[in-house]
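Below is one structure, written out as structure tokens; comments come after it.
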Amino acid sequence: MKLQELATADKPLDYQKLVFDYQPHPDQRAATPARHPVVVVGAGPVGLALAIDLAQQQVPVVLLDNDHKLSTGSRAICFSKRSLEIFDRLGCGEAMAAKGVSWKVGRVFLRGEEVYSFDLLPEDGHARPAFVNLQQYYVEGFLAERAAALPLIDVRWQNKVTGVAQQGDHALLTIETPDGPYQLRADWVAACDGSRSAVRQLLGQESHGRVFRDRFLIADVKMDVDFPAERWFWFDPDFHRNQSVLLHRQPDGVWRIDFQLGWDADPEVEKRPENIMPRVRALLDASPFKGAEVTLEWASVYTFACQRMDAFRHGRVLFAGDSAHGVSPFGARGANSGLQDAENLAWKLAAVLRQQAPDALLDSYARERELAADENILNSTRATDFITPKSEISRLFRDAVLQLARRHAFARRMVNSGRLSVPATLHGSALNTEDADGFAGRMVPGAVAADAPLADGWLLRRLAGTRFAALVFGEGEGAQASLRALAAAELPLQVERVPLDAAHALAALRYDAQDGTTYLLRPDQHVCARWRRPTAAALRAAHDRALAKA
């Protein structure tokens, strides 16, 4: 089928079975290579999200993919509140949330006994849940439908990049198709082509880090059982001794089970249904659902590494998602951090292409997301070391912590079955303006703006996400002074007023707001500056700094 037919196709669709047509493009017959502002390589979640974000900012995008299908199997399934907020801005958040299984509670077990539970979003006043579980093929399907509705996105299936040459003010790509090779020029190339990135290899770059000597089996099974929509993690259960097991509920009655196997396990043997199903039945036999009917939908055996490229920018080529960094699946930090890469990069590419910012703004993409990758790798490595101790001393420590956690809160902070993904706070970014006034709370420069209920909706949904925004709190003289400063600054800003009344009390609390308090937000909704009462000069300076002009 053609991508554009997704918009009119009968629903629901089986996204795992879609096959997109290869369509020759006039660029393939051009006498000289056609030139495009942005070429995105890889039509996975990160590449699709980046293309949509750019198109919504009126930047034409060519999206190349070496395949002609979406993913199969569950793969990435845990999408965070922040990712849902990004999807909202991209126009497909409602579909994701409606189809996904919402959850916020996790339970940790040692053998058959619950050690403790945790709540990832204990407070009210959020438009989106802490997480939804949603198979990656649904995420790609909903993103593809949104991309199909945007005429500025040109998706080319079965277009494999086989050459990248940097040529001063552009990159020259060589692309293989069923009709033979052709070339494209791109002002900028975004490599979103996964952990085995062809673009990375073509540039002679590598990722560095730590490879973990362990294997895990993913089994997607369909079963009609009434487990709650929670994250359950077992250390050393009786049904899978000396290993760990993770259970998640997904849409359509499908359950994701991750079984730790050990390094010596044979992946091909372990993927056989006759070896998978006894493991699944042993888990069920240890639950109230003994005897439930189970069918196997998909399975895979994986190993993983925590690693990243030394630099995410190489001239005219920028790397995002798994092509730039990789983590273990414990903590759901892979796809979620990749989506944050995409939203960070999109507005910066758009600003540079519109000549609103210098080339140096793209250096800030690399620096900010490299630091975020380091944070994710650190958390992921710690979780993996706890889950799979590599020495007898490490195992004794882990087991002692788990025993203590049953009764003592201090030990629970040491249990690590995967610290779940949270958006990176970009501390120390060169784009931030340091506070000149005193503030309390978490909305520091570099933090992602917190959502909050308003009298007529939700705060983040008020923001267009295609330009800078100013939040002005209050309606008194302080607010009027801040509004006069904004007018005098003559900046291209979206200005949003937030009253200080009962209907907006949670927003005021989360932003530690007083009358006149003003926050300057980047297009990706990160705070870049805040004041109790700004001046026009301070606003202009912070805006310039956030565009790397200072």
Dipole size in debye (nearest 20) for the range 350-505 around its Cα centre, Lys and Arg Cβ +1, Asp and Glu Cβ -1? 920 debye
Packing rank of 427-438, 229-240, 23-34, where each peptide gets the mean count of other beta carbons within 10 Å, highest leading: 229-240, 427-438, 23-34
Would you mind computing, in nm to one decimal, how far apart the modelled labels at residue 94 and residue 395 are, each placed 7 Å from Cα along Cα→Cβ? 5.3 nm
When DSSP beta bridges are limited to those with both residues in the chain, what percentage is antiparallel, rounded to the nearest 5? 70 percent
Find which of 356, 134, 19 sits farthest along the positive direction of the dipole of the chain, computed with +1 on the beta-carbon of Lys and Arg, -1 on that of Asp and Glu, about the Cα centre. 356
Say each of residue 4 and residue 455 gets a label point 7 Å from the Cα, pointing the same way as Cα to Cβ; how far apart are those two points in nm? 4.5 nm
Along the charge dipole of the chain, which of 189, 291, 208 sits closest to the positive end, that is, farthest toward it, with unit charges on the beta carbon of Lys, Arg, Asp and Glu (+1, +1, -1, -1)? 208
Give me the number: length gained by fully extending residue 289 to residue 434, i.e. 0.36 nm times residue separation minus the C-alpha to C-alpha distance, one decimal in nm. 46.6 nm
For the range 420-435, Karplus-derived ³J(HN,Hα) couplings (6.51, -1.76, 1.60; θ = phi - 60°; whole Hz; x for glycine and proline) come out as 5, 4, 10, x, 6, 8, 8, 4, x, 4, 5, 8, 7, 9, 5, 4
Accessible area per residue of the chain at 1.4 Å probe, in Å²? 40 Å²
Run the numbers for residue 484 and residue 466: contour at 0.36 nm per residue of separation, minus the present Cα-Cα distance, in nm. 4.1 nm
What are the residues whose amide H is under 5 Å from the amide H of residue 447, where those residues sit 5 or more places off or on another chain and H is modelled from the backbone? 426, 527
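Can you tell me which of 462-468, 495-501, 12-18 comes out highest on packing, and rank the rest after it, using the mean Cβ neighbours within 10 Å?
Highest mean packing first, the order is 462-468, 495-501, 12-18.
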Relative to the present Cα-Cα distance, how much length would full extension add between residue 282 and residue 413 at 0.36 nm per residue of separation? 44.2 nm
With +1 on the Cβ of every Lys and Arg and -1 on the Cβ of every Asp and Glu, and nothing else charged, how large is the dipole of the chain about its Cα centre, in debye rounded to the nearest 20? 680 debye
Determine the relative contact order of the chain: mean sequence separation of Cα pairs under 8 Å and six or more apart, normalised by residue count, in whole percent. 14 percent
Structure-based [θ]222 nm, the chain - -39500 (n - 2.57) summed over DSSP H runs of at least 4, per residue, nearest 500: -9000 deg cm²/dmol
FRET E, pair residue 544, residue 300, Förster distance 41 Å, beta-carbon r, rounded to 0.05: 0.25
Taking the Cα centre of the range 181-264 as origin, sum charge times position over the Cβ atoms of Lys and Arg (+1) and Asp and Glu (-1), and report the length of that vector in debye to the nearest 20. 380 debye
Leaving out ligands, DNA and RNA, what percent of the accessible area of the range 392-483 is carbon and sulfur, probe 1.4 Å? 54 percent
Separation of the residue 31 and residue 111 label points, Cα + 7 Å toward Cβ, nm: 8.1 nm
Go through the range 195-212 residue by residue and turn each phi into a ³J(HN,Hα) via Karplus (6.51, -1.76, 1.60, θ = phi - 60°); whole Hz please, and just put x for glycine and proline. 5, 9, 2, 5, 5, 4, 5, 5, 8, x, 9, 9, 9, 10, x, 10, 9, 9
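The values are calculated or read from the model by the stated rules, or taken from the named source; none is laboratory data. Fair warning: this is a prediction, and the values are worked out from it, not measured in the lab. Heads up, the Cβs are rebuilt from the backbone with ideal geometry, glycines too, and the neighbour counts pull from every protein chain shown. Ligands, DNA and RNA are excluded from the accessible area calculation, which covers all protein heavy atoms including side chains. Shrake-Rupley method; radii C 1.70, N 1.55, O 1.52, S 1.80 Å.
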